[in-house]
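Have a look at the structure below before the remarks.
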Amino acid sequence: MSQPHTSSANEYSTRLQADCERCFGLCCTALPFAASADFAIDKAAGQPCTNLQADYRCGVHRDLRKLGFKGCTVYDCFGAGQQVSQSTFGGRDWREHPESAQLMFDVFPAMWQLHELLWYMNEALSRPEAAEIHSELQTALAETERLVALDASSLLKLNVPGWRAEVNQLLLRASELVRQNELRRIKGTSGRRKSYGRGADLIGANLKGADLRAANLRGAYLIAANLRNADLRSADLIGVDFRDADLSGADLSSSLYLSQAQMNSAKGDASTRIPPTLTRPAHWS
Ligand code: SF4
């Protein structure tokens, strides 16, 4: 399995994107959801969604938002679905092999968490500003790849939260290095910078045109915030809740730890600048 370095980060990130064609509809089956603004129905974990077809395609794919399944258009498995389906279970379909269905559904969330870590580490490895810890990141990434390749029973025994906490220390250091570099670069070009604490409550905030370069916005709640034309280059966006935030015209081209799911949950437009590893959501006009 190839490991990322700066020149191949984009290639590696492709592996960490959902490939529904190679997945047995795991997010539509293994995960629970409750009727809400994001889902039109209740569904228990392990129960196939009523819209999931026999070929594991979604029967209402084209009309998800219109039919009240916005949450399905936001979700991203970081490629965990195809990894579990094709690798961990060797292409054994849970419908044809119902005896392994529960195990497959139980493994999927653990795999999702490991793949999410791979995504973040790949990003940190793609940033030359964090070069001094690239060797440690490569080691952590190789170990995560080893865990990803374990058999199903071994995966279920893993202390995934413990491993995530360890890797997070590296991700934090990479963030510091990237943001300090950006701050040095822009020194003297902007006035006093406002700092936001971890998990800052910025719900509905008006940050139109705000200079948020190198900001630490980890875990911030930016639900329905106005971020039109905001500058978020080199800002740490890990875990930020962007639901219904307006990113029209914003610059996220070099934001750190931004995920496809975060973008999918936000609003944006053709002028929003996004990182090369992500795809412009279909609902952004
Ligand atoms: S509505 Fe479609 S995408 Fe959403 S869970 Fe059901 S089958 Fe999957």
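The values are calculated or read from the model by the stated rules, or taken from the named source; none is laboratory data. For clarity, every value in this text was computed on a predicted model and none was experimentally measured. Cβ atoms come from the backbone with ideal geometry, glycine included; neighbour counts cover every protein chain shown. Please note that ligands, DNA and RNA were not included when accessible areas were found on the heavy atoms of the full protein model with its side chains. Shrake-Rupley method; radii C 1.70, N 1.55, O 1.52, S 1.80 Å.
Numbers for the structure displayed
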{"read-out": "Pairs with Cβ under 7 Å, 6+ apart, first in the stretch 61-72 and closer than 20 Å to M263 by Cβ, second of a type in the set (D, E, K, R) and in a loop (DSSP other than H, G, I, E, B)", "value": "K70/D38; G71/D38"}
{"read-out": "Some residue of the stretch 22-31 being near the ligand (Cβ under 8 Å from one of its atoms) and open to solvent by 60 Å² or more (accessible area, probe 1.4 Å)", "value": "no"}
{"read-out": "Pair list, Cβ under 8 Å, 6 or more apart: the stretch 107-122 residue closer than 12 Å to W163 by Cβ, other residue polar (S, T, N, Q) and outside any helix (DSSP H, G or I)", "value": "E116/S259"}
{"read-out": "Any hit, the stretch 2-11, residues being within 15 Å of the ligand (Cβ to nearest atom) and crowded, with 20+ Cβ neighbours inside 10 Å", "value": "no"}
{"read-out": "Given (1) under 24 Å from A101 (Cα atoms); (2) of a type in the set (V, I, T); (3) near the ligand (Cβ under 9 Å from one of its atoms), index of the condition V84 fails", "value": "(3)"}
{"read-out": "Filtered residue count, the stretch 1-16, keeping only those that are at pLDDT 50 or above, over 10 Å from S126 (Cα atoms), touching an Asp or Glu at 6+ places or on another chain (Cβ under 9 Å) and not polar (S, T, N, Q)", "value": "1"}
{"read-out": "Residue under evaluation A44, criteria (1) under 24 Å from L155 (Cα atoms); (2) touching an Asp or Glu at 6+ places or on another chain (Cβ under 7 Å), criterion not met", "value": "(2)"}
{"read-out": "Odd one out for G90, checked against (1) surrounded by 15 or more Cβ atoms within 10 Å (Cβ to Cβ); (2) away from the ligand (no atom under 16 Å from the Cβ); (3) more than 18 Å from Q262 (Cβ to Cβ)", "value": "(1)"}
{"read-out": "Some residue of the stretch 247-268 being on the phi > 0 side of the Ramachandran plot, surrounded by 15 or more Cβ atoms within 10 Å (Cβ to Cβ) and out of contact with any Phe, Trp or Tyr (no Cβ under 8 Å at 6 or more places or on another chain)", "value": "yes"}
{"read-out": "Test result for L52, touching a His at 6+ places or on another chain (Cβ under 7 Å) and open to solvent by less than 40 Å² (accessible area, probe 1.4 Å)", "value": "no"}
{"read-out": "Selection within the stretch 234-246 - surrounded by 24 or more Cβ atoms within 10 Å (Cβ to Cβ), of a type outside the set (A, V, I, L, M) and under 14 Å from Y221 (Cα atoms)", "value": "D236, F242"}
{"read-out": "Any hit, the stretch 35-46, residues being at negative phi, in contact with a helix residue (DSSP H, G or I) (Cβ under 6 Å, 6 or more places away or on another chain) and either more than 9 Å from the ligand (Cβ to nearest atom) or open to solvent by less than 60 Å² (accessible area, probe 1.4 Å) (or both)", "value": "yes"}
{"read-out": "Set S8, S36: member being closer than 30 Å to A140 by Cβ and of a type in the set (S, T, Y)", "value": "S8"}
{"read-out": "Any hit, the stretch 64-80, residues being in a loop (DSSP other than H, G, I, E, B), open to solvent by 50 Å² or more (accessible area, probe 1.4 Å), near the ligand (Cβ under 8 Å from one of its atoms) and out of contact with any helix residue (DSSP H, G or I) (no Cβ under 7 Å at 6 or more places or on another chain)", "value": "yes"}
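This table checks each residue for (1) of a type outside the set (V, I, T); (2) free of Cβ contacts under 8 Å to residues at least 24 places away in the same chain; (3) farther than 23 Å from Q17 by Cβ.
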| site | (1), (2), (3) |
| --- | --- |
| N168 | yes, yes, no |
| A214 | yes, no, yes |
| Y221 | yes, yes, yes |
| A261 | yes, no, no |
